[in-house]
Amino acid sequence: MKNKKIQTVLERVYADNVPEQSDVEFLLGVESDTGMQILFDFADNVRRKFCGDGILLRGIVEFGSFCRNTCLYCGLNKNNKKLQRYRLTKEELIGAAKQIVSAGIKTVVLQSGEDDGLDVVWFGEIIKKIKQDFGMSVTLSVGERSFEDYKIWKEAGADRYLLKIETANKVLYQSLHPEMSFENRIECSGNLKSLGYQNGSGCLVGIKGQTIQTLAEDILFFKKEDFDMIGIGVFIPHEHTVLGKEPLGNIKLALKVLAITRIVTKDTHLPATTAIGSIGGNDERVKALKAGANVIMPNFTPEKYRKLYDIYPDKRCVRELSCGYLKTLEMMATETNRWIDFSRGDSLKLKTEIVDF
Ligand code: SAH
(Lines give C-alpha, C1' and ligand atoms only; values in the text may rest on other atoms or scores of the structure.)
Protein backbone atom coordinates (compact mmCIF):
# COMPACT_ATOMS: atom_id res chain seq x y z
CA MET A 1 0.00 0.00 0.00
CA LYS A 2 2.73 2.44 1.09
CA ASN A 3 4.91 1.45 -1.87
CA LYS A 4 2.02 2.08 -4.23
CA LYS A 5 1.65 5.56 -2.80
CA ILE A 6 5.39 6.19 -3.25
CA GLN A 7 5.08 5.22 -6.92
CA THR A 8 2.06 7.50 -7.41
CA VAL A 9 3.78 10.48 -5.78
CA LEU A 10 6.96 9.85 -7.78
CA GLU A 11 5.01 9.94 -11.02
CA ARG A 12 3.30 13.13 -9.95
CA VAL A 13 6.48 15.06 -9.00
CA TYR A 14 8.09 13.84 -12.22
CA ALA A 15 5.18 15.16 -14.31
CA ASP A 16 4.53 18.41 -12.44
CA ASN A 17 6.08 21.64 -13.65
CA VAL A 18 5.77 22.98 -10.14
CA PRO A 19 5.78 19.98 -7.81
CA GLU A 20 3.78 20.19 -4.58
CA GLN A 21 5.98 20.81 -1.55
CA SER A 22 3.93 18.23 0.37
CA ASP A 23 4.79 15.58 -2.25
CA VAL A 24 8.51 16.37 -2.01
CA GLU A 25 8.31 16.24 1.80
CA PHE A 26 6.51 12.89 1.61
CA LEU A 27 9.32 11.45 -0.54
CA LEU A 28 12.01 12.84 1.75
CA GLY A 29 10.25 11.07 4.61
CA VAL A 30 10.35 7.62 2.99
CA GLU A 31 12.32 5.45 5.44
CA SER A 32 11.82 1.80 4.54
CA ASP A 33 14.55 0.08 2.52
CA THR A 34 12.13 -0.99 -0.21
CA GLY A 35 10.58 2.48 -0.34
CA MET A 36 13.99 4.13 -0.73
CA GLN A 37 14.96 1.60 -3.38
CA ILE A 38 11.84 2.52 -5.40
CA LEU A 39 12.87 6.18 -5.16
CA PHE A 40 16.51 5.53 -6.15
CA ASP A 41 15.51 3.29 -9.06
CA PHE A 42 13.08 5.91 -10.35
CA ALA A 43 15.86 8.54 -10.20
CA ASP A 44 18.27 6.15 -11.92
CA ASN A 45 15.80 5.73 -14.79
CA VAL A 46 15.33 9.49 -15.12
CA ARG A 47 19.12 9.90 -15.17
CA ARG A 48 19.45 7.26 -17.90
CA LYS A 49 16.70 8.83 -20.00
CA PHE A 50 17.99 12.43 -19.81
CA CYS A 51 21.77 12.04 -19.33
CA GLY A 52 22.64 8.58 -20.64
CA ASP A 53 25.05 6.11 -19.08
CA GLY A 54 28.26 8.16 -19.26
CA ILE A 55 29.90 9.33 -16.04
CA LEU A 56 31.20 12.82 -16.76
CA LEU A 57 34.48 14.00 -15.23
CA ARG A 58 35.53 17.40 -13.90
CA GLY A 59 39.03 17.84 -12.53
CA ILE A 60 38.98 20.11 -9.49
CA VAL A 61 41.84 22.32 -8.35
CA GLU A 62 41.44 23.86 -4.90
CA PHE A 63 43.76 26.76 -5.52
CA GLY A 64 43.46 28.75 -2.31
CA SER A 65 42.17 28.49 1.25
CA PHE A 66 41.97 32.13 2.31
CA CYS A 67 38.39 33.08 3.13
CA ARG A 68 36.68 36.23 4.38
CA ASN A 69 33.56 34.36 5.58
CA THR A 70 32.55 32.77 8.86
CA CYS A 71 30.28 29.93 7.69
CA LEU A 72 29.44 27.92 10.80
CA TYR A 73 30.21 24.57 9.18
CA CYS A 74 33.30 25.19 7.06
CA GLY A 75 36.88 24.63 8.16
CA LEU A 76 38.08 27.44 5.90
CA ASN A 77 36.13 30.01 7.96
CA LYS A 78 38.33 32.96 8.80
CA ASN A 79 38.10 32.33 12.55
CA ASN A 80 39.94 29.03 12.17
CA LYS A 81 43.35 30.34 13.14
CA LYS A 82 44.79 26.82 13.23
CA LEU A 83 44.62 26.45 9.46
CA GLN A 84 47.71 27.21 7.43
CA ARG A 85 46.45 29.22 4.46
CA TYR A 86 47.80 28.93 0.92
CA ARG A 87 47.35 30.22 -2.60
CA LEU A 88 48.71 28.44 -5.67
CA THR A 89 51.03 30.42 -7.90
CA LYS A 90 50.04 31.05 -11.51
CA GLU A 91 52.50 28.36 -12.62
CA GLU A 92 51.15 25.81 -10.14
CA LEU A 93 47.60 26.53 -11.17
CA ILE A 94 48.28 26.21 -14.87
CA GLY A 95 50.37 23.11 -14.15
CA ALA A 96 47.40 21.50 -12.41
CA ALA A 97 45.13 22.33 -15.36
CA LYS A 98 47.72 20.77 -17.65
CA GLN A 99 47.66 17.57 -15.61
CA ILE A 100 43.90 17.43 -15.98
CA VAL A 101 44.00 17.87 -19.73
CA SER A 102 46.81 15.29 -19.98
CA ALA A 103 44.52 12.85 -18.19
CA GLY A 104 42.00 13.36 -21.01
CA ILE A 105 39.58 15.36 -18.84
CA LYS A 106 38.12 18.43 -20.57
CA THR A 107 36.77 20.43 -17.64
CA VAL A 108 38.71 22.14 -14.89
CA VAL A 109 36.94 23.46 -11.79
CA LEU A 110 38.91 26.23 -10.10
CA GLN A 111 37.75 26.49 -6.50
CA SER A 112 38.87 28.52 -3.50
CA GLY A 113 37.57 30.22 -0.39
CA GLU A 114 36.01 33.64 -0.81
CA ASP A 115 39.32 35.45 -0.98
CA ASP A 116 39.54 39.24 -1.13
CA GLY A 117 43.15 38.72 -2.14
CA LEU A 118 42.12 37.02 -5.39
CA ASP A 119 43.08 39.60 -7.98
CA VAL A 120 40.51 39.88 -10.74
CA VAL A 121 43.06 40.58 -13.49
CA TRP A 122 45.51 37.89 -12.34
CA PHE A 123 42.73 35.31 -12.31
CA GLY A 124 41.39 36.50 -15.67
CA GLU A 125 44.82 35.96 -17.22
CA ILE A 126 44.95 32.44 -15.87
CA ILE A 127 41.51 31.65 -17.28
CA LYS A 128 42.57 33.03 -20.66
CA LYS A 129 45.80 31.04 -20.65
CA ILE A 130 44.04 27.78 -19.75
CA LYS A 131 41.49 28.35 -22.51
CA GLN A 132 44.17 29.22 -25.06
CA ASP A 133 46.64 26.48 -24.25
CA PHE A 134 44.34 23.60 -23.36
CA GLY A 135 40.95 24.45 -24.94
CA MET A 136 39.20 22.96 -21.97
CA SER A 137 36.00 24.05 -20.30
CA VAL A 138 36.58 26.25 -17.24
CA THR A 139 34.29 26.25 -14.20
CA LEU A 140 34.84 28.79 -11.45
CA SER A 141 33.85 28.40 -7.80
CA VAL A 142 35.23 31.34 -5.86
CA GLY A 143 32.10 32.67 -4.19
CA GLU A 144 30.42 36.05 -4.28
CA ARG A 145 32.04 38.73 -6.42
CA SER A 146 30.90 41.89 -8.20
CA PHE A 147 29.05 41.79 -11.52
CA GLU A 148 32.15 43.40 -13.08
CA ASP A 149 34.47 40.63 -11.86
CA TYR A 150 32.13 37.93 -13.14
CA LYS A 151 31.99 39.77 -16.48
CA ILE A 152 35.77 40.04 -16.80
CA TRP A 153 36.19 36.32 -16.12
CA LYS A 154 33.41 35.43 -18.55
CA GLU A 155 35.10 37.50 -21.24
CA ALA A 156 38.40 35.80 -20.40
CA GLY A 157 36.71 32.53 -21.36
CA ALA A 158 35.15 31.02 -18.23
CA ASP A 159 32.21 28.79 -19.12
CA ARG A 160 30.56 27.79 -15.87
CA TYR A 161 30.22 28.89 -12.27
CA LEU A 162 29.38 26.96 -9.14
CA LEU A 163 27.88 29.05 -6.33
CA LYS A 164 25.94 26.85 -3.95
CA ILE A 165 23.01 28.37 -2.13
CA GLU A 166 23.70 25.80 0.67
CA THR A 167 20.11 26.27 1.87
CA ALA A 168 17.28 28.06 0.09
CA ASN A 169 15.59 28.90 3.38
CA LYS A 170 16.49 32.50 4.17
CA VAL A 171 16.22 32.23 7.97
CA LEU A 172 18.39 29.11 8.06
CA TYR A 173 20.82 30.65 5.56
CA GLN A 174 21.30 33.72 7.78
CA SER A 175 21.85 31.60 10.88
CA LEU A 176 24.58 29.55 9.18
CA HIS A 177 26.26 32.51 7.45
CA PRO A 178 26.30 35.30 10.04
CA GLU A 179 28.23 37.87 8.03
CA MET A 180 26.67 37.13 4.67
CA SER A 181 23.44 38.08 2.96
CA PHE A 182 20.98 35.68 1.39
CA GLU A 183 19.84 38.39 -1.01
CA ASN A 184 23.38 38.98 -2.20
CA ARG A 185 23.92 35.30 -2.86
CA ILE A 186 20.71 35.17 -4.91
CA GLU A 187 21.73 38.31 -6.76
CA CYS A 188 25.19 36.87 -7.57
CA SER A 189 23.58 33.73 -8.93
CA GLY A 190 21.25 35.84 -11.10
CA ASN A 191 24.21 37.89 -12.36
CA LEU A 192 26.07 34.74 -13.34
CA LYS A 193 23.07 33.51 -15.27
CA SER A 194 22.55 36.82 -17.05
CA LEU A 195 26.23 36.85 -18.08
CA GLY A 196 25.74 33.51 -19.79
CA TYR A 197 27.59 31.24 -17.39
CA GLN A 198 26.33 27.67 -17.12
CA ASN A 199 25.04 28.11 -13.64
CA GLY A 200 25.55 25.78 -10.69
CA SER A 201 24.03 25.60 -7.23
CA GLY A 202 23.66 23.04 -4.47
CA CYS A 203 22.93 22.42 -0.83
CA LEU A 204 24.34 20.84 2.26
CA VAL A 205 22.27 18.01 3.77
CA GLY A 206 22.24 17.33 7.51
CA ILE A 207 23.17 20.74 8.77
CA LYS A 208 21.88 21.99 12.14
CA GLY A 209 18.48 23.68 11.92
CA GLN A 210 17.55 21.97 8.67
CA THR A 211 14.20 20.19 8.41
CA ILE A 212 12.39 18.10 5.82
CA GLN A 213 10.53 21.33 4.96
CA THR A 214 13.68 23.34 4.28
CA LEU A 215 15.12 20.49 2.20
CA ALA A 216 11.91 20.42 0.15
CA GLU A 217 12.34 24.19 -0.30
CA ASP A 218 15.88 23.55 -1.62
CA ILE A 219 14.62 21.08 -4.20
CA LEU A 220 11.81 23.39 -5.33
CA PHE A 221 14.32 26.27 -5.55
CA PHE A 222 16.55 24.15 -7.80
CA LYS A 223 13.58 23.43 -10.04
CA LYS A 224 12.44 27.06 -10.19
CA GLU A 225 15.91 28.43 -10.98
CA ASP A 226 16.56 25.79 -13.64
CA PHE A 227 20.26 25.37 -12.79
CA ASP A 228 22.61 23.59 -15.18
CA MET A 229 24.32 21.71 -12.35
CA ILE A 230 23.60 21.04 -8.68
CA GLY A 231 26.02 19.67 -6.09
CA ILE A 232 24.45 17.98 -3.08
CA GLY A 233 26.80 17.52 -0.18
CA VAL A 234 26.40 16.01 3.25
CA PHE A 235 27.42 17.82 6.41
CA ILE A 236 30.67 16.57 7.97
CA PRO A 237 31.54 18.21 11.31
CA HIS A 238 34.89 19.97 11.48
CA GLU A 239 36.35 20.46 14.95
CA HIS A 240 37.51 24.03 14.36
CA THR A 241 34.06 25.32 13.50
CA VAL A 242 31.03 26.40 15.52
CA LEU A 243 29.19 23.23 14.43
CA GLY A 244 32.15 20.97 15.22
CA LYS A 245 30.26 18.93 17.81
CA GLU A 246 27.13 18.38 15.73
CA PRO A 247 26.41 14.91 14.32
CA LEU A 248 27.40 13.87 10.81
CA GLY A 249 24.68 14.40 8.20
CA ASN A 250 22.57 11.41 7.25
CA ILE A 251 23.85 9.81 4.05
CA LYS A 252 20.49 8.22 3.24
CA LEU A 253 18.80 11.58 3.48
CA ALA A 254 21.45 13.08 1.19
CA LEU A 255 20.83 10.31 -1.35
CA LYS A 256 17.08 10.99 -1.16
CA VAL A 257 17.65 14.71 -1.80
CA LEU A 258 19.85 13.79 -4.75
CA ALA A 259 17.31 11.33 -6.17
CA ILE A 260 14.36 13.72 -5.85
CA THR A 261 16.45 16.53 -7.37
CA ARG A 262 17.14 14.28 -10.35
CA ILE A 263 13.47 13.38 -10.75
CA VAL A 264 12.31 16.97 -10.46
CA THR A 265 15.04 18.73 -12.49
CA LYS A 266 15.62 15.89 -14.99
CA ASP A 267 18.53 16.92 -17.25
CA THR A 268 20.71 18.75 -14.69
CA HIS A 269 24.31 17.64 -14.13
CA LEU A 270 24.47 16.15 -10.62
CA PRO A 271 27.83 15.11 -9.18
CA ALA A 272 28.35 12.30 -6.73
CA THR A 273 30.06 14.80 -4.43
CA THR A 274 33.34 14.32 -2.62
CA ALA A 275 31.51 14.89 0.69
CA ILE A 276 29.29 11.89 -0.08
CA GLY A 277 32.44 9.94 -0.92
CA SER A 278 34.20 10.93 2.27
CA ILE A 279 31.97 9.49 4.97
CA GLY A 280 32.27 5.98 6.25
CA GLY A 281 34.67 3.34 5.07
CA ASN A 282 32.93 2.62 1.79
CA ASP A 283 32.87 5.04 -1.07
CA GLU A 284 29.22 6.06 -1.06
CA ARG A 285 29.65 7.79 -4.42
CA VAL A 286 28.63 4.50 -6.05
CA LYS A 287 25.27 4.75 -4.28
CA ALA A 288 24.96 8.34 -5.47
CA LEU A 289 25.66 7.23 -9.06
CA LYS A 290 22.83 4.72 -8.66
CA ALA A 291 20.47 7.35 -7.25
CA GLY A 292 20.62 9.99 -9.97
CA ALA A 293 24.20 11.32 -10.11
CA ASN A 294 26.05 11.49 -13.44
CA VAL A 295 29.28 13.37 -12.65
CA ILE A 296 32.46 12.69 -10.64
CA MET A 297 35.03 15.33 -9.74
CA PRO A 298 38.53 13.86 -9.35
CA ASN A 299 40.88 16.06 -7.36
CA PHE A 300 43.98 17.57 -9.00
CA THR A 301 45.07 19.94 -6.26
CA PRO A 302 48.86 19.56 -5.93
CA GLU A 303 49.41 17.01 -3.18
CA LYS A 304 51.31 19.28 -0.81
CA TYR A 305 48.27 21.59 -0.54
CA ARG A 306 45.52 18.98 -0.35
CA LYS A 307 45.19 18.62 3.35
CA LEU A 308 45.29 22.40 3.73
CA TYR A 309 42.00 22.75 1.81
CA ASP A 310 40.41 21.60 4.99
CA ILE A 311 36.68 22.32 4.52
CA TYR A 312 35.82 19.13 6.43
CA PRO A 313 37.96 16.32 7.91
CA ASP A 314 39.17 13.19 6.15
CA LYS A 315 38.30 14.17 2.60
CA ARG A 316 38.48 11.19 0.30
CA CYS A 317 40.94 12.94 -2.05
CA VAL A 318 43.45 13.40 0.78
CA ARG A 319 43.45 9.66 1.37
CA GLU A 320 43.67 8.89 -2.33
CA LEU A 321 46.47 10.14 -4.51
CA SER A 322 45.54 11.61 -7.89
CA CYS A 323 47.43 8.87 -9.73
CA GLY A 324 45.00 6.32 -8.27
CA TYR A 325 41.81 8.08 -9.25
CA LEU A 326 41.36 6.39 -12.64
CA LYS A 327 41.34 2.95 -11.07
CA THR A 328 38.70 4.08 -8.58
CA LEU A 329 36.64 5.52 -11.42
CA GLU A 330 36.88 2.36 -13.47
CA MET A 331 35.71 0.36 -10.49
CA MET A 332 32.77 2.71 -10.01
CA ALA A 333 31.87 2.46 -13.70
CA THR A 334 31.99 -1.34 -13.57
CA GLU A 335 29.93 -1.48 -10.40
CA THR A 336 27.24 0.72 -11.88
CA ASN A 337 27.37 -0.80 -15.37
CA ARG A 338 28.24 2.55 -16.87
CA TRP A 339 31.16 4.09 -18.77
CA ILE A 340 33.51 6.99 -18.19
CA ASP A 341 32.69 9.93 -20.43
CA PHE A 342 35.68 12.12 -21.29
CA SER A 343 33.70 14.76 -23.20
CA ARG A 344 33.35 18.38 -22.01
CA GLY A 345 29.93 17.69 -20.61
CA ASP A 346 28.34 21.06 -21.23
CA SER A 347 24.92 21.83 -19.84
CA LEU A 348 22.21 19.65 -21.32
CA LYS A 349 19.97 22.70 -21.22
CA LEU A 350 21.97 24.65 -23.80
CA LYS A 351 20.10 25.29 -27.02
CA THR A 352 23.16 25.36 -29.24
CA GLU A 353 25.89 22.79 -29.00
CA ILE A 354 29.38 23.88 -28.02
CA VAL A 355 32.00 22.25 -30.19
CA ASP A 356 35.26 20.93 -28.75
CA PHE A 357 38.39 22.37 -30.21
N1 SAH B 1 33.87 29.42 -1.29
C2 SAH B 1 33.25 28.81 -2.41
C3 SAH B 1 33.20 27.31 -2.35
C4 SAH B 1 34.25 26.63 -1.52
S5 SAH B 1 33.71 25.45 -0.33
C6 SAH B 1 31.84 29.33 -2.54
O7 SAH B 1 31.44 30.16 -1.75
O8 SAH B 1 31.12 28.95 -3.43
C9 SAH B 1 32.99 24.22 -1.29
C10 SAH B 1 31.80 23.55 -0.67
O11 SAH B 1 32.18 22.79 0.46
C12 SAH B 1 30.75 24.48 -0.12
O13 SAH B 1 29.88 24.88 -1.12
C14 SAH B 1 30.06 23.65 0.96
O15 SAH B 1 28.82 23.14 0.49
C16 SAH B 1 31.03 22.50 1.20
N17 SAH B 1 31.34 22.39 2.64
C18 SAH B 1 31.91 23.30 3.45
N19 SAH B 1 31.99 22.84 4.71
C20 SAH B 1 31.47 21.60 4.72
C21 SAH B 1 31.26 20.60 5.72
N22 SAH B 1 31.62 20.82 6.98
N23 SAH B 1 30.69 19.44 5.36
C24 SAH B 1 30.33 19.22 4.08
N25 SAH B 1 30.50 20.12 3.09
C26 SAH B 1 31.06 21.30 3.40
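The values are calculated or read from the model by the stated rules, or taken from the named source; none is laboratory data. Note that the structure is a prediction, hence the values are computed from the model and not measured. Cβ atoms come from the backbone with ideal geometry, glycine included; neighbour counts cover every protein chain shown. These area figures cover heavy atoms from the full protein model, side chains too; ligands, DNA and RNA do not enter into them. Shrake-Rupley method; radii C 1.70, N 1.55, O 1.52, S 1.80 Å.
Of the numbered conditions (1) over 23 Å from Phe50 (Cα atoms); (2) modelled with pLDDT of 95 or more, Gly292 fails exactly one; give the number of that condition.
So Gly292 meets the others, but not (1).
Is it true that some residue in region 212-229 is part of a strand (DSSP E or B) and more than 9 Å from the ligand (Cβ to nearest atom)?
Yes, region 212-229 contains a residue that is part of a strand (DSSP E or B) and more than 9 Å from the ligand (Cβ to nearest atom).
Before we move on, is Ser181 polar (S, T, N, Q), open to solvent by less than 30 Å² (accessible area, probe 1.4 Å), within 15 Å of the ligand (Cβ to nearest atom) and free of Cβ contacts under 8 Å to residues at least 60 places away in the same chain?
no
Name the residue, out of Ser181, Ser201, Ser146, Ser175, that is under 20 Å from the mean Cα position of the chain (by Cα), among the small types (Gly, Ala, Ser) and on the phi < 0 side of the Ramachandran plot.
The unique qualifying residue is Ser201.
Quick one: what pairs do we get from region 224-247, first residue farther than 20 Å from Lys193 by Cβ and free of Cβ contacts under 8 Å to residues at least 24 places away in the same chain, second within 12 Å of the ligand (Cβ to nearest atom) and in a loop (DSSP other than H, G, I, E, B), C-beta under 7 Å, 6+ apart or different chains?
Pairs found: Gly244/Pro237; Gly244/His238; Lys245/Pro237.
Got a sec? Which strands (runs of 3 or more DSSP E) wholly within region 43-151 have at least 3 residues that are away from the ligand (no atom under 16 Å from the Cβ) and either modelled with pLDDT of 95 or more or open to solvent by less than 50 Å² (accessible area, probe 1.4 Å) (or both)?
Counting at least 3 such residues, we get 54-57.
Condition check ((1) buried (at least 18 other Cβ atoms within 10 Å of the Cβ); (2) among the aliphatic types (A, V, I, L, M)) across all residues:
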{"position": "Gly190", "(1), (2)": "no, no"}
{"position": "Gly196", "(1), (2)": "no, no"}
{"position": "Gly200", "(1), (2)": "yes, no"}
{"position": "Leu204", "(1), (2)": "yes, yes"}
{"position": "Thr211", "(1), (2)": "no, no"}
{"position": "Glu217", "(1), (2)": "yes, no"}
{"position": "Lys224", "(1), (2)": "no, no"}
{"position": "Asp228", "(1), (2)": "yes, no"}
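When only residues in region 152-167 that are open to solvent by 30 Å² or more (accessible area, probe 1.4 Å) and farther than 29 Å from Pro178 by Cβ count, which is farthest from the ligand (Cβ to nearest atom)?
Result: Glu155.
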